[in-house]
1. Of the residues that sit in segment 163-180 and are touching a residue at least 40 places away in the same chain (Cβ under 8 Å) and not in a loop (DSSP other than H, G, I, E, B), which one is surrounded by the most Cβ atoms within 10 Å (Cβ to Cβ)?
2. Using the structure shown, decide if residue 81 is closer than 18 Å to residue 118 by Cα, modelled with pLDDT under 95 and in the same structural domain as residue 432 (by TED's automatic domain parsing).
3. When both residues are 6+ apart or on different chains and their Cβ atoms are under 8 Å apart, which pairs have a first residue that lies in segment 120-143 and is in the same structural domain as residue 224 (by TED's automatic domain parsing) and without any contact (Cβ under 8 Å) to a residue 40 or more places away in the chain, and a second that is assigned to a strand (DSSP E or B) and buried (at least 22 other Cβ atoms within 10 Å of the Cβ)?
4. Check off (1) touching a residue at least 40 places away in the same chain (Cβ under 8 Å); (2) in a loop (DSSP other than H, G, I, E, B); (3) out of contact with any strand residue (DSSP E or B) (no Cβ under 8 Å at 6 or more places or on another chain) for residue 197 and give me the number that stays unchecked.
5. Only one of 692, 626 is buried (at least 23 other Cβ atoms within 10 Å of the Cβ), modelled with pLDDT of 95 or more and part of a strand (DSSP E or B); which?
6. Among the residues in segment 378-389, are any in a helix (DSSP H, G or I), under 16 Å from residue 299 (Cβ atoms) and touching a helix residue (DSSP H, G or I) at 6+ places or on another chain (Cβ under 6 Å)?
7. Taking segment 152-162, which residues are in a loop (DSSP other than H, G, I, E, B) and touching a helix residue (DSSP H, G or I) at 6+ places or on another chain (Cβ under 7 Å)?
8. For residue 293, indicate whether it is surrounded by fewer than 17 Cβ atoms within 10 Å (Cβ to Cβ) and either closer than 16 Å to residue 350 by Cα or outside the structural domain of residue 251 (by TED's automatic domain parsing) (or both).
């Protein structure tokens with residue numbers, strides 16, 4: 001039997017006088033072990049940072065580059081959750097169960113939406129060695145159906161080796177009204193946008209606080225800070241003064257700016273001499289062929305992105321200043337990178353609300369003309385168009401999700417003043433490396449071997465290659481020292497690629513077609529950095545060799561089976577028992593904090609009914625009862641001037657159904673029913689004390705409404721302009737029952753009925 005005496009190094013007698021005490025030595029890293037900071041940007045291309053050629057003001061990323069190294073040939077997986085899983089484990093994303101984003105589980109080992117226990121994170125490796133470990137920002141590494149206030153929590157940051165967590169669980173959030181969690185529970189945002197709140201500032205405040213506390217109380221321990229910003233993923237949101245700085249800045253258009261960034265990259269040496277600028281991606285218009293409204297809309301979207309990035313850069317500067325004030329800046333090794341290239345999820349025009357993309361919708365250009373000043377503020381959820389995304393990926397082809405350079409080549413900056421002295425500071429490294437290489441680099445620097453087991457689970461091999469050899473090369477040795485990486489495969493949503501010894505084979509996959517129909521391309525990247533000259537026809541043997549290597553690597557690393565489905569289809573999820581996704585009936589007992597979007601009922605994809613038992617009190621209280629989404633897309637049930645109101649907001653097209661008579665004071669039961677077809681309109685009903693009081697119809701219902709969740713009793717995000725948000729309900733919500741129906745009425749029959757009803761509204 002195991003007891004507390006096992007491993008005791010003293011002596012146990014009958015009394016203390018006959019015994020010898022003993023204390024185990026604490027586990028602490030040796031003096032001189034650096035602190036580790038990993039700063040991760042989201043959807044940020046290799047051409048977005050000033051030190052990589054961008055016109056956007058990024059003084060603090062440039063500051064890190066000037067006191068460290070830039071890696072010009074660094075690669076990721078082309079999507080956020082997979083890159084994060086590789087960054088934290090040192091393994092390929094398929095091998096750890098994160099083929100794509102964590103919003104779904106396909107039922108195969110390569111896509112569980114979580115990191116397998118056999119692939120321990122760097123925090124799980126460092127924590128037992130005496131490190132303090134902090135995660136501040138975007139997680140997106142747990143199945144989203146598990147990201148509720150009730151868990152389960154085994155895939156949350158604290159259960160993956162972090163001592164503290166502050167941030168959000170989803171793939172994105174509104175930066176003025178974020179879905180926040182601390183450690184293992186959700187919280188309300190500490191302030192409102194009216195008070196100057198912005199999530200990026202809050203994240204850095206929290207990171208500095210954690211470091212300050214640790215350094216004040218246990219400075220003997222080094223810390224590991226993982227700081228994955230929500231920026232610059234959509235929505236692109238920034239304070240007004242940052243938006244104002246970029247007004248008119250990009251009016252020359254993306255063709256001019258892309259050429260300018262390319263020339264600057266050549267001057268800086270972040271791309272090899274002789275690199276060509278890849279042609280426009282398919283679907284990107286020549287700037288001078290666009291209408292004035294298209295140009296103005298596109299520029300405003302790019303301005304919002306630039307403001308968002310510069311604002312993030314300033315927060316990084318605040319962190320760096322804090323490290324300097326604490327006297328630990330020189331002894332802190334900082335990795336700064338992005339998780340994939342610039343996003344294509346803004347379509348060809350750009351989007352006022354990116355959820356149009358996830359619903360397969362294009363932008364209604366007529367509707368945006370009067371709302372340009374809202375872009376970048378809390379009233380937008382925007383993403384920029386393909387043309388500006390390609391500027392961010394200069395000089396490469398394609399975007400995030402793709403395995404061409406625009407999707408997988410990203411900026412990497414390494415700063416470590418104590419090790420990287422003035423003789424190498426500011427230099428550029430051109431060795432090929434991949435995001436799986438960060439963990440083995442940390443282990444190499446710290447002198448640790450990867451553990452054989454973590455929490456009793458045997459660990460799978462580390463796939464990455466240490467980059468530490470590249471930290472102290474002298475400038476005249478750069479051309480002589482080859483990368484220690486021999487090959488690396490890529491696969492994302494059916495797009496495939498393989499790099500080996502300077503050559504790359506790659507495919508662009510058209511969703512809905514057979515993989516066998518894909519056309520493999522071949523590039524000699526040592527001579528063709530931007531993938532402009534396809535050698536597939538002139539080098540068939542090399543192409544065949546690389547294709548064979550791809551399939552070999554695919555088998556080794558669990559890439560199979562390859563799923564070529566569209567990204568939007570991933571969000572449907574699997575109805576797992578014991579999670580909110582596993583039921584069709586929900587009983588809520590307010591007060592509750594915001595319910596995460598993927599833990600809430602499927603408001604857009606199903607028919608549903610709401611039955612709420614409330615008490616308006618003697619004063620007959622008004623206010624919001626239930627709300628989902630934002631000012632751009634959502635739905636809300638509220639009481640105003642005594643009347644029950646259901647308001648459906650479909651990308652700012654508002655449909656309002658109001659009870660003809662005021663509700664009684666005191667206790668009352670209200671009901672809202674929405675019956676929709678598979679795609680298109682919906683019929684609605686209002687009930688008071690189970691009596692039908694009003695009927696109506698909604699012209700169009702989005703299947704995917706918002707990344708923002710559901711609230712009871714108030715609406716901070718302001719789904720409607722009919723009230724002043726958050727419009728809290730002054731009464732009591734005793735119970736809310738929501739029932740959803742997965743089987744929908746036949747499209748033609750139901751649509752005809754509903755459209756007939758719309759004609760009478």
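1. Among residues in segment 163-180 that are touching a residue at least 40 places away in the same chain (Cβ under 8 Å) and not in a loop (DSSP other than H, G, I, E, B), the one surrounded by the most Cβ atoms within 10 Å (Cβ to Cβ) is 167.
2. Spelling it out, it is not the case that residue 81 is closer than 18 Å to residue 118 by Cα, modelled with pLDDT under 95 and in the same structural domain as residue 432 (by TED's automatic domain parsing).
3. Listed pairs, sorted by first residue: 127/133.
4. Failed condition: (1).
5. Working: 692 fails: buried (at least 23 other Cβ atoms within 10 Å of the Cβ).
626 is the lone residue from the list that is buried (at least 23 other Cβ atoms within 10 Å of the Cβ), modelled with pLDDT of 95 or more and part of a strand (DSSP E or B).
6. So far as segment 378-389 goes, yes, one or more of its residues are in a helix (DSSP H, G or I), under 16 Å from residue 299 (Cβ atoms) and touching a helix residue (DSSP H, G or I) at 6+ places or on another chain (Cβ under 6 Å).
7. Within segment 152-162, 152, 153, 155, 161, 162 meet the criteria.
8. So residue 293 fits the description; yes.
The values are calculated or read from the model by the stated rules, or taken from the named source; none is laboratory data. Source: prediction; values computed, not measured. Virtual Cβ from ideal backbone geometry, glycine too; neighbours counted across all protein chains shown.
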